[in-house]
1. Pull up segment 233-263, narrow it to residues that are surrounded by fewer than 17 Cβ atoms within 10 Å (Cβ to Cβ) and more than 22 Å from the chain's Cα centre (by Cα), then point me to the one that is nearest to Leu133 (Cα to Cα).
2. Among the residues that make up segment 490-497, is at least one of them open to solvent by 90 Å² or more (accessible area, probe 1.4 Å) and at pLDDT below 80?
3. For segment 99-110, what are the residues that are surrounded by fewer than 14 Cβ atoms within 10 Å (Cβ to Cβ) and either among the hydroxyl-bearing types (Ser, Thr, Tyr) or out of contact with any strand residue (DSSP E or B) (no Cβ under 9 Å at 6 or more places or on another chain) (or both)?
4. With a cut-off of at least 3 residues that are under 29 Å from Leu8 (Cβ atoms), name the helices (runs of 4 or more DSSP H) lying wholly within segment 84-171.
5. Could you name every one of the helices (runs of 4 or more DSSP H) located completely within segment 418-479 that has at least 3 residues being without any contact (Cβ under 8 Å) to a residue 60 or more places away in the chain, farther than 26 Å from Ser386 by Cβ and basic (Lys, Arg)?
6. Of the residues Leu345, Leu390, which single one is part of a strand (DSSP E or B), touching a strand residue (DSSP E or B) at 6+ places or on another chain (Cβ under 6 Å) and open to solvent by less than 20 Å² (accessible area, probe 1.4 Å)?
7. Looking at (1) touching a helix residue (DSSP H, G or I) at 6+ places or on another chain (Cβ under 6 Å); (2) modelled with pLDDT under 85; (3) open to solvent by 60 Å² or more (accessible area, probe 1.4 Å), can you tell me which one Lys206 breaks?
8. For segment 235-273, which positions are part of a loop (DSSP other than H, G, I, E, B) and out of contact with any strand residue (DSSP E or B) (no Cβ under 9 Å at 6 or more places or on another chain)?
Amino acid sequence: MAITVAELVAEPQLGLALLAGSAGADNRITWAHTSDLPRLWEWVTGGELMMTNGLSIPADADGQVALAEALMDSGASALAIGEKMHAPPLTPEFLEACNRLPLPLLNIPYPLPFIAIARSVAESSLLEESRRLRQTARVYDLLRTVGASEDHWQSLVQRLATELDAELFVVDRRCLHPWHPDGKELPEFLADAWEPSSGHVSPAGKNFQWHRIRGRHVLTMDIPTHANALLVVLPNSEPHPDAVVLLHAATVLGLQLSRIVLSLEGRHRLAGEFLLQAMDGRLGVAEMESRLTAFEVPPQGFLLASLTADAADKAADDGDRLANVHIELWRHGVASASLKRNNRLHVVIPADVPDEVLVHCAGLETSIGISAPAAVANIQRALQESLWALGSARANGLGLARYAEGPSWLGLTGFEEGTALVRRLLGPIFDYEQSQEGDLIVTLRTYLDSQRSWQKTATALFAHRQTIIYRVRKIGELTGLDMGETSTVAQLWFALQIHEAMHQ
């Protein structure tokens, strides 16, 4: 076992003296660490004897008391201060705080080198190192014996918790929800303390940090390979789990999460292939019902949601922003099948999924359009409805809009009216481009986006100015509209907005 504070003080060759905090003399020291930085507690991983020549000690009583409390909260075993060096006078309030916590406070006699103390701690830890190696081997062996399926996640967490004699929780640091749908919720006292409005220490911060909340030590540490996956450790007893073993435990959990996500990605690819065929009308109703059921989505009464990143985020790739929505849905217990196409993500989900869950999984910067409840036989109509609702959401500045329930879009009530308007105004152009090679629609869009400037349009399309003039006149001839009239421009702009929303 690791050496205790009392055992270290008892070593005659060191000559250490216990100044305060004698009630913590049985604290075990896992390591001796030297630091003279002002925020001494930030370098504590749990169980250390922190040694300083005094530069880390504030001069005022309040600062000294705050230092003692922060070291205790971080899990330090003791504080040792070099004699006749740079420490200010130790205040009575500081000594009383060390007794109250209790935090053992040691005096290092001058000129004893700090390395002598570190060597004594290291030599006494040889047996502890052997125990740590055996425990680390057992931790990695758990990964071998647990299957790769997501169904085995909680079994692995529980077996790790037993090995470490602690309660373990794996949560999303952004919302504190369990990272895995079968994961345990955080205890109420932690969830309350870490609410953004609580004013308490946030779990977002260092990769490895001890907190003291309502009298209990709590460790938060990142799980490697998964952004925002946070391991929360509640030790059941003293001494706390070894810091090195905890780091290996986090690695094991990260590896298991990677195995699970790899399995999910395989299912995600199959779902995308299925939706692509279904939306293109290449599958029969019976096959669509069978395959959608395999993804645990009801083939009758589902919703189709279309998502896109907000315009303010266009500097970043929409694909990156939406790439993990299917994993977020799975994490929150929502079965889904999704397809990424033309910078939009189309997701089929059960009809009873609350709007707030969908918004949470997609992110607040995402616009969402949701179809009316549909059956597989009408999946193409559901896609049109979700795209129409998405256009309505973006046009009206809404995060989420449902088809036929939100405000009208461009004065139209549904995609049927929108399709009719597009056909009436742009249909002749589409028919012409099918029979002739041309770029009239692209030219029209660029012309309107360039404030009807011939030169700006020509520059944007790398074409001659006269070519642009010819194309715009051709659009007028095909549609029978006067391209110089503001009303004509408005109608064509409306039609383009609807066409692009429904077909991109």
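The values are calculated or read from the model by the stated rules, or taken from the named source; none is laboratory data. Source: prediction; values computed, not measured. Methodologically, a virtual Cβ is constructed for each residue, glycine included, from the backbone with ideal geometry; neighbour enumeration extends over all protein chains shown. Protein only, heavy atoms only, side chains kept; ligands, DNA and RNA dropped before computing areas. Shrake-Rupley method; radii C 1.70, N 1.55, O 1.52, S 1.80 Å.
1. Ranking the qualifying residues of segment 233-263, first place goes to Val244.
2. yes
3. Hit for segment 99-110 is Tyr110, nothing else.
4. Correct list: 92-100, 114-124, 126-145.
5. 465-479
6. Only one candidate passes the filter, namely Leu345.
7. Looking at each condition in turn, Lys206 falls short on (1).
8. The one that is part of a loop (DSSP other than H, G, I, E, B) and out of contact with any strand residue (DSSP E or B) (no Cβ under 9 Å at 6 or more places or on another chain): Asp242.
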